[in-house]
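Visitor: Take this structure, written in structure tokens, and hold onto it; I'll ask about it next.
Read-outs throughout are calculated quantities, based only on the coordinates presented, and are distinct from any laboratory measurement. What you are looking at is a predicted structure, and each value in this text was computed from that prediction instead of being measured. Every residue, glycine as well, gets a Cβ built from its backbone with ideal geometry; the counts of neighbours run over all protein chains shown.
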Amino acid sequence: MTAQPTTQGTAPDPRARVSFWLEDAGDDLSPRPPVDGSVDVNVAILGGGFTGLWTALELLKREPSLRVAVVEREIAGFGASGRNGAWCSGELNIGMDLLAERHGTEAAKAVRRAMHDTVDEVARASAAEGIDAGFRKGGTLLVARGPAEMPALRATAEEYERFGFGEHCRVLDRDELDGRLRVDGAAGALHLPDCAAVHPGRLVRGLARAVERRGGTIYEQTPVTSFSAGTRTAPGAGRAGAERPLLRTPTGDVRAETVVLAGEAYLAELPQLHRQLLPIYSLIVLTEPLTDEQWAAIGWNGHECVSSFRLTIDYLSRTPDGRVLFGGRGAPYHFGSRIDPRFDRDEATHAMLRRMLVRWFPALRGIRFTHAWGGPLGMPRDWMPSFSFEPRTGIASARGYTGHGVATSNLAGRTLADLITGRQSALTALPFTNHRSRDWEPEPLRWLGARFVQLSMMRLDRLAERRGRAPTGRSLAERLARH
Ligand SMILES: Cc1cc2nc3c(=O)[nH]c(=O)nc-3n(C[C@H](O)[C@H](O)[C@H](O)COP(=O)(O)OP(=O)(O)OC[C@H]3O[C@@H](n4cnc5c(N)ncnc54)[C@H](O)[C@@H]3O)c2cc1C
């Protein structure tokens, strides 16, 4: 286990210290056996997070006789899937305008509908597997924290209306917002119904058990050091006599007809994919359970997932046991796309998040924070997730969720399962299928660009908060990060 302890307080199992969610998952976190010698399966999956596990489950649901192996470096749920902000959201990080510009209006609408449906599908599919993931569909509250955020609120509402999704976005004035959640200095909010708060630890650990019940094998503590594409000799000749794709590990090769790369931000560590994703750290602080008086002071009975319109993303949720989770981006990008367990903690960013929470809710001044952790999320160059399968090489992958992977990974798993089993469906027709984002720039340009955008966004947020100056959308940083 390479993770540094990232939570305060004691936990019975050191693996639980990766995040509150794993600590609270109620599952035995002892690692499953690693790969030991060569393995031969139909489908080999790198990564035991939501993407790898939903893909394994969906494949086994479609073809129960398939031999499916998941190869995980640490334990299932060690990555972003076991650490996130608990938003199972039907929103993507890429706007409908941009989707329509690139793929056409109908495709943009189809994406939106598929994402909305996916929120309910996560609830349905996890319940069908007997997983209690604490699913509560209270929607999203996007709060304008002052007049400077109102233009962004209005632009978002207008975009929903323009694409015919007006009923999926309700504008709340200050009084209506107060009736749901009392946020200091708020000017108004949007309520988007297509989002649920989940317990990601219970979901990801439950999915791993479900995959095993359906006959899949999960190997843990097995790092994949590289992968090889397969070759098909002639069209229609099958894989007989051809090279099969494989995952290489220090304790044996895993050969398969299809290899699925489902490591999200960590895929940037593999040389072949190094410039496909930018690992950006998102960090989280968590309070102790609130008292009844504290809940009465702030409201929040609807269990909505909450965010503001800041350019430097912030996100809040209520845990099933009554704590407030406050997360935000803001931690610096590390030169060379480095990922290191030490980066899961950045005291300056964690301290800022603690201060921000009290600014949102002054009634919580003096509250104790019990946990702090973080992790990398994967940003593609064009902000567009990609679900791909190339029959010629036998390589499939789903990645690039830009911090919106809790629901999207389920859509990815269903799409990959359709693609791998040769089914054409409404899902495989979405523009994510076989989309390829262009590579990020080589260093040092990548670091210079990422830090410029990060620092500029923070400066624009400060100007909005202190001087009430709304971002115009025309600054270089905003244009570089348009999504
Ligand atoms: C702090 C934080 C907050 C977030 N909040 C939200 C949120 O509220 N809502 C939302 O929708 N999304 C959120 N996200 C993003 C979301 O969690 C991810 O998009 C999603 O979990 C990705 O799932 P995944 O299975 O693709 O990747 P991961 O969950 O990262 O899983 C990848 C797995 O692959 C393993 N692995 C990597 N490399 C190798 C290798 N070489 N060999 C073997 N195994 C390997 C890793 O150990 C890991 O377990 C957040 C992310 C972070 C970091």
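Visitor: Can you list the HN-Hα couplings for region 300-311, worked out from phi with the Karplus curve (6.51, -1.76, 1.60; θ = phi - 60°), rounded to whole Hz and with x for Gly and Pro?
Guide: 6, 6, x, 6, 5, 7, 10, 8, 10, 9, 4, 6
Visitor: Between Thr251 and Arg209, what is the FRET efficiency for a Förster distance of 22 Å, r being their Cβ-Cβ separation, to the nearest 0.05?
Guide: The calculated FRET efficiency here is 0.40.
Visitor: Starting from the 7 Å offset along Cα-to-Cβ, what nm value, one decimal, do you get for the label separation of Thr393 and Ala429?
Guide: It works out to 2.8 nm between the two label points.
Visitor: Let me ask something else. If R0 is 51 Å, what FRET efficiency do you get for Arg451 and Glu288 from their C-beta distance, rounded to 0.05?
Guide: Working: r = 35 Å, r/R0 = 0.68.
Taking R0 as 51 Å, the efficiency between Arg451 and Glu288 is 0.90.
Visitor: I've got another one for you. When the label point is put 7 Å from the Cα of Ser475 along its Cα-to-beta-carbon vector, which residues of region 291-330 have a backbone N closer than 17 Å?
Guide: 309-314, 329-330
Visitor: What is the sum of charges, Lys and Arg at +1 and Asp and Glu at -1, for the other residues whose Cβ falls under 12 Å from the Cβ of Met96?
Guide: Neighbour charge sum, excluding Met96 itself: -2.
Visitor: Compute for the chain: radius of gyration divided by Kirkwood radius, i.e. Rg/Rh, restricted to C-alpha atoms, rounded to two decimals.
Guide: In the chain, Rg relative to Rh is 0.95.
Visitor: While we're here: Let me check against my output: what whole-number percent is the relative contact order of the chain, with C-alpha pairs under 8 Å and at least 6 apart?
Guide: Worked out over the chain, it gives 22 percent.
Visitor: With a sphere of radius 12 Å drawn around the Cβ of Met379, what net charge do the other residues whose Cβ falls strictly inside it have (Lys, Arg +1; Asp, Glu -1)?
Guide: Result for the local shell: +3.
Visitor: If you don't mind, another one. Using a Förster distance of 30 angstrom, determine the FRET efficiency expected from the C-beta separation of Ala242 and Leu270, and round it to 0.05. The partial results should precede the final answer.
Guide: Details: r = 23 Å, r/R0 = 0.76.
The pair Ala242/Leu270 has a calculated efficiency of 0.85.
Visitor: Quote to one decimal, in nm, the extra length available between Asp97 and Leu364 on full extension: 0.36 nm per residue of separation minus the C-alpha distance between them.
Guide: 92.3 nm
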